[in-house]
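Okay, so here's the structure we're looking at.
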Amino acid sequence: MNIILFGPPAAGKGTQAKILVEKHGFIQLSTGNMLRAARTSGSEFGKKVAGIMDRGGLVSDDIVIALIEEQLDANKGAPGFIFDGFPRTVAQAEALDTSLSKRGQSINIVIRLRVNDNILWNRMSKRFAEEGRKDDNLESFKTRLRNYNEQTASLLPFYVSQGKLNEVDGLADIETVAHFVAAVIDMQSAAARPGQRPLWKRLFGRI
Ligand code: ADP
């Protein structure tokens, strides 16, 4: 089961990814975490991406695709992957489809966490205060939100056309969002199992 958690910066993708990892043993693939680890290591590569991240810009498609492919190979046999913060451009989404199909896999579900900009501002200031992430400041956040609206949001039609997009209310509290996410996964996996009636039919079969 391969799932993309989709939404603007600070929508709660990382939080929900962690819950899914604990519940299902999926592997979380967060390009943001991978890039942060690289910069913390002080490697040349880390130095190269640090400036881009601090400005809130997008690291090149080739780099993030290579990071993802490395992890797909390092975690062969995993029960599933949760993609968090990737893909962010249509080129990344196409590359991901190709990488997965080369490995006999595909994306099963895309879950969009819907939030609004005001709530995001509040979350960002809180996160900045708590974690002090270098790329969490007002200017970088503005750029990240703009990149999301200009480049990443255009992935929505891409996944709608594949029939994979599901939306949940990302403004609810963490447990409630986790519950919505679990319901989407349950419904989609039941629908994918031949002979198994989907959740809504099992619940409302008599109607
Ligand atoms: P956010 O908090 O904005 O969701 P992430 O933790 O996912 O951010 O990523 C932090 C930074 O790493 C981004 O602002 C960007 O510079 C870089 N980055 C992460 N994932 C990608 C990606 N898929 N493509 C390009 N750049 C990325």
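Just a few scattered comments:
- Criterion applied to Arg144, Arg197 was being buried (at least 16 other Cβ atoms within 10 Å of the Cβ), modelled with pLDDT under 90 and charged (D, E, K, R), and the one residue passing it is Arg144.
- Against the conditions (1) modelled with pLDDT of 95 or more; (2) over 23 Å from Thr31 (Cβ atoms); (3) not in a helix (DSSP H, G or I), Ala172 satisfies every one except (1).
- Within the set Gly51, Gly56, the sole residue that is within 12 Å of the ligand (Cβ to nearest atom), buried (at least 19 other Cβ atoms within 10 Å of the Cβ) and modelled with pLDDT under 95 turns out to be Gly56.
- Residue match in region 105-127 (condition: of a type in the set (Val, Ile, Thr), crowded, with 19+ Cβ neighbours inside 10 Å and within 10 Å of the ligand (Cβ to nearest atom)): no
- Among the residues of region 71-87, those identified as closer than 17 Å to Ala37 by Cα and within 14 Å of the ligand (Cβ to nearest atom) are Gln71, Phe83, Asp84, Gly85, Phe86.
- A residue that is more than 13 Å from the ligand (Cβ to nearest atom) and either in a loop (DSSP other than H, G, I, E, B) or over 22 Å from Leu67 (Cα atoms) (or both) cannot be found anywhere in region 88-96.
- Against the criterion of being in a helix (DSSP H, G or I), exposed (fewer than 14 other Cβ atoms within 10 Å of the Cβ) and either within 13 Å of the ligand (Cβ to nearest atom) or of a type in the set (A, V, I, L, M, F, W, C) (or both), Ala66 qualifies.
- A count restricted to region 21-42 and to residues that are polar (S, T, N, Q) and in a strand (DSSP E or B) stands at 2.
- All of Ile4, Ile19 fail the test of being touching a residue at least 24 places away in the same chain (Cβ under 8 Å), within 18 Å of Val115 (Cβ to Cβ) and touching a Pro at 6+ places or on another chain (Cβ under 9 Å), apart from Ile4.
- Verdict on Arg88 being among the basic types (Lys, Arg) and touching a residue at least 40 places away in the same chain (Cβ under 8 Å): yes
The values are calculated or read from the model by the stated rules, or taken from the named source; none is laboratory data. All values derive from a computational prediction rather than experimental measurement. Methodologically, a virtual Cβ is constructed for each residue, glycine included, from the backbone with ideal geometry; neighbour enumeration extends over all protein chains shown.
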